[in-house]
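Have a look at the structure below, then the notes.
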Amino acid sequence: MKILLTGKTGQVGWELSRTLPGLGELVALGREELNLADPDQIRAQVRKIQPHLIVNAAAYTAVDQAESEAELAFQINGIAPGILAEEALKLGAGLVHYSTDYVFDGQSRTPYNEDDSTAPLGAYGRTKLAGEEAIRRAGVPHLILRTSGVYATRGQNFLLTMQRLAREGKDLRVVNDQVTAPTWCREIAEATRNILAQTGDGTARSLERVAGTYHLSSAGETNWYEFARSIFDFTGLHPKSLTPIPTSQYPTPARRPPYSILSNEKVRAVFGIELPDWKSALRRCLVKGQE
């Protein structure tokens, strides 16, 4: 099996570049080799590589910046996945794509199922939802994996930001009314590999039986303040002060859903996959994340 991976230098993509080779020949592309804002380049690369499976881990993920760069975010998150899906369909290839809890508005108080109504609050969520819809319209057998609060020991993310600010001795004010389930990117990559290992050869034909949208996030729930406090407890790093605040005291260009817990019942029922509790995953990340 030949696998085309996009976004090889991103958080999830970097982990996938380490976990997917055991399933077949991996062709991993980063931004330098594949500009997802260029539809012609996307088509040319897919036709050149002729993969049996496309795993799209590339995305525009700057949530606040997307409010002022909505067109670019839409090109990468909304249009490019549809083009990948169209090309995969022509080749008889399957497609794996990652989406986000931000497709929901956060007004629920129970975990979101895959078929719950979507209503994104900002440009990032809207463009990610557009990408999901473009894939479904293309008609290719696919797996859309929605996750939440992705972090890693590399790149730019909440975990590393908190550690940096603590080392700098900052006074930190962190929101405590946005409920989420932070998810370590290595858990996502390992789960993806396990899912694909169960489907066969990754082609469209092998994905038909299980195709659809799945939620894939850490178990449990927390808020950003409690997540920050756990980071400091586990690492021994401590900022000058850490104060919980409501979202109203920390305005940002993009609105976030106040509650975005995803139900993982479907991925457990279909594939037998269950990600660990967010706190256990954080502890594992801090111990093994550099390996």
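Could you give me the residue pairs with C-beta distances under 8 Å whose first residue belongs to region 240-262 and is in contact (Cβ under 8 Å) with a residue 40 or more places away in the chain, whose second residue is part of a loop (DSSP other than H, G, I, E, B) and of a type in the set (K, R) wherever it lies, and which are 6+ apart or on separate chains?
K240/K170; T247/R256; Y259/R109
Could you check, for region 66-73, whether at least one of its residues is closer than 17 Å to V103 by Cβ, among the hydrophobic types (A, V, I, L, M, F, W, C) and surrounded by 21 or more Cβ atoms within 10 Å (Cβ to Cβ)?
Yes, the conditions are met somewhere in region 66-73.
Whether any residue in region 192-207 is in contact with a Gly (Cβ under 7 Å, 6 or more places away or on another chain), more than 24 Å from S260 (Cβ to Cβ), in a strand (DSSP E or B) and not charged (D, E, K, R) is what I want to check.
Yes.
I need the full set of residues from region 102-139 which are among the β-branched types (V, I, T) and touching a strand residue (DSSP E or B) at 6+ places or on another chain (Cβ under 6 Å), in order please.
I135
Please pick out the residue among D105, D115 that is surrounded by fewer than 22 Cβ atoms within 10 Å (Cβ to Cβ), out of contact with any Pro (no Cβ under 9 Å at 6 or more places or on another chain) and at pLDDT 95 or above. Working first, answer last.
Working: D105 fails: out of contact with any Pro (no Cβ under 9 Å at 6 or more places or on another chain).
The unique qualifying residue is D115.
Among the residues of region 263-291, how many are in contact (Cβ under 8 Å) with a residue 12 or more places away in the chain, in a helix (DSSP H, G or I) and not charged (D, E, K, R)?
Matching residues across region 263-291 total 8.
If you check T153, T147, T203, which single one turns out to be over 23 Å from E133 (Cα atoms) and not charged (D, E, K, R)?
Just one listed residue meets the conditions, T153.
I'm told E208 meets every condition in (1) closer than 20 Å to G92 by Cβ; (2) at pLDDT below 95; (3) touching a Phe, Trp or Tyr at 6+ places or on another chain (Cβ under 9 Å) except one. Can you identify the failing condition by its number?
Among (1) closer than 20 Å to G92 by Cβ; (2) at pLDDT below 95; (3) touching a Phe, Trp or Tyr at 6+ places or on another chain (Cβ under 9 Å), the lone unmet condition for E208 is (3).
Please name all residue pairs, on different chains or six or more residues apart, with Cβ atoms under 9 Å, provided the first residue is in region 123-134 and is outside any helix (DSSP H, G or I) and the second residue is modelled with pLDDT of 95 or more and not aliphatic (A, V, I, L, M).
Taking only residues 6 or more apart or on different chains, not a single pair turns up.
State the number of residues belonging to region 218-260 that are part of a loop (DSSP other than H, G, I, E, B), over 21 Å from the mean Cα position of the chain (by Cα) and among the acidic types (D, E).
Residues meeting the conditions: 0.
The values are calculated or read from the model by the stated rules, or taken from the named source; none is laboratory data. Just so we're clear, the structure is a prediction, and the values are computed from it rather than from any experiment. Glycine also receives a Cβ, built like all others from the backbone with ideal geometry; neighbour counts cover every protein chain displayed.
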